[in-house]
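J.: Pasting in a structure now, in structure tokens, and then I'll have a few things to ask.
The values are calculated or read from the model by the stated rules, or taken from the named source; none is laboratory data. This one's a predicted model, so the numbers in the text were calculated from it and none came from an experiment. A quick note on method: Cβ atoms are made from the backbone with ideal geometry, for glycine too, and the neighbour counts reach across all protein chains shown.
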Amino acid sequence: MTTRESCLLCQIVANRIPSYKVYEDELTLAVLDVNGGNPGHCFVIPKNHYPILEQIPDHELGNHFVVANKISSAIFETLKAQGTNIFVRNGIPAGQQVAHFMINVVPRKENDGINLQWKPRQLSEEEMSTVELKLKEQVKGRGIQKTQKTQTAKSQEAPKPELVTDDEDDYFMRQIRRMP
């Protein structure tokens, strides 16, 4: 089992191994992958040592994915990517090579040579139903909570429209142009 002292990504977080930092806050670090699939390939990592996704507290996990989303937007804007792949290799059979959770954000362009395809596996209706029931039962006991709004009827009035500044308008237009 990898410990914090021997973990390559923990060493990067601690500045013991040089890296090309793209973003940093109190919970999350994003760095360029020196062996990336395309220029600008980043990985987003928690500063705390968590080997796999399931070990990360929900309040921290959300921050990591928000950062991955922002990195993806920056890749579109600055590197003129036509798309991004955002993925997690969670466990050795999924291709995880370092025992520290990370989110990969890979810039993509048409015909860039990266192949993330797999051969579809067709299941029978019975197999699909069996898998569905098993997963549904397990997920039910996992404590997934919906976000609840605790507003009173008085405060549930329709929100007032906010003025959109030119910068916001430009940002939204750029996002719309990216849509396929």
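J.: So which residues in region 33-75 are among the charged types (D, E, K, R), loosely packed, with under 15 Cβ neighbours inside 10 Å and not in a helix (DSSP H, G or I)?
T.: If the condition is that a residue be among the charged types (D, E, K, R), loosely packed, with under 15 Cβ neighbours inside 10 Å and not in a helix (DSSP H, G or I), then no residue fits.
J.: Select from region 122-158 the residues that are over 30 Å from the mean Cα position of the chain (by Cα) and modelled with pLDDT under 65 and list them in ascending order.
T.: GLN151, THR152, ALA153, LYS154, SER155, GLN156, GLU157, ALA158
J.: I need a count of the residues in region 63-93 that are charged (D, E, K, R), farther than 13 Å from ASN104 by Cα and free of Cβ contacts under 8 Å to residues at least 40 places away in the same chain.
T.: Residues in region 63-93 being charged (D, E, K, R), farther than 13 Å from ASN104 by Cα and free of Cβ contacts under 8 Å to residues at least 40 places away in the same chain: 1 in total.
J.: Further, regarding this structure: Residues being within 21 Å of LEU61 (Cα to Cα) and without any contact (Cβ under 8 Å) to a residue 24 or more places away in the chain: count how many of those fall in region 4-25.
T.: Number of matching residues: 4.
J.: How about region 1-32: which of its residues are under 17 Å from SER73 (Cα atoms) and either among the aromatic types (Phe, Trp, Tyr) or assigned to a loop (DSSP other than H, G, I, E, B) (or both)?
T.: Once the filter is applied, which keeps residues that are under 17 Å from SER73 (Cα atoms) and either among the aromatic types (Phe, Trp, Tyr) or assigned to a loop (DSSP other than H, G, I, E, B) (or both), region 1-32 yields only TYR23.
J.: Follow-up. If you check VAL131, VAL98, VAL139, VAL106, which single one turns out to be touching a Gly at 6+ places or on another chain (Cβ under 6 Å) and either surrounded by 10 or more Cβ atoms within 10 Å (Cβ to Cβ) or not in a loop (DSSP other than H, G, I, E, B) (or both)?
T.: Criteria check complete, one pass: VAL106.
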